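One structure below.
The numbers here are math on the coordinates, done by the rules we state, and not lab data. Nothing here was measured: the structure is a model prediction, and the numbers come from that model.
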Amino acid sequence: MAVIRAYLTDIIGRYYGRPATPAEVDQAIADDPTDDLARFFVGRRDGVVRGCVGFRMVGPETAELKRMFVDPGARGTGGGAVLLAAAERAAVSLGAAAIRLDTRADLVEARALYARHDYREVPAFNDDRYAEHWFEKRLSGSFGSQITGVRSLT
């Protein structure tokens with residue numbers, strides 16, 4: 001739960017241009033719970049939790065990425081790529097042929113990460129009030145490298 005709170009504190013603060021309050025983080029958790037995620041991964045660097053990602057299955061062959069986060073102090077170290085690969089591999093294992101997500105325009109690091117990993121912008125697939133960009137990636141069952149440093153909590 002601490003990494004979800006860190007994620008929400010980061011994105012709420014960026015959205016409002018000021019530090020997020022605990023009440024705002026609590027409200028965000030209530031408004032968009034993550035209890036329906038099929039898998040949730042926590043990434044560590046030097047034994048410290050530095051990121052997370054999860055996904056839910058929104059159809060028999062479609063996963064939706066949620067809660068993608070890398071702590072600002074760990075960005076640029078490759079953790080985001082490792083987390084994405086873990087989520088993609090797990091989604092394929094559950095039958096997903098595609099994975100999609102939505103994000104905001106101000107989350108430029110996230111958008112750059114998705115573009116580097118073959119996510120393509122697609123038409124809006126939801127009306128989430130914070131969504132400004134929608135992405136999708138076609139998945140295959142072939143993931144060459146071994147994923148390390150990431151633990152699933154489901």
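Just the Cα atoms of segment 54-95, one point each, no solvent: what log10 I(q)/I(0) does Debye give at q = 0.19, 0.26, 0.34 Å⁻¹?
-0.57, -0.86, -1.17
Once the piece of chain linking residue 94 and residue 124 is laid out straight, how much longer is it, given 0.36 nm per residue of separation minus the C-alpha distance between them? Numbers along the way, then the final one.
Working: separation 30, 0.36 × 30 = 10.80 nm, distance 2.41 nm.
Between residue 94 and residue 124, full extension yields 8.4 nm more.
Once you have the Kirkwood Rh of segment 19-102 from its Cα pairs, apply Stokes-Einstein at 4 °C and 1.567 mPa s and quote D in µm²/s.
This corresponds to a translational diffusion coefficient of 95 µm²/s.
I want to verify the translational diffusion coefficient of segment 66-125 in µm²/s; compute it with Stokes-Einstein, Rh as the Kirkwood radius over Cα pairs, at 37 °C and 0.692 mPa s.
262
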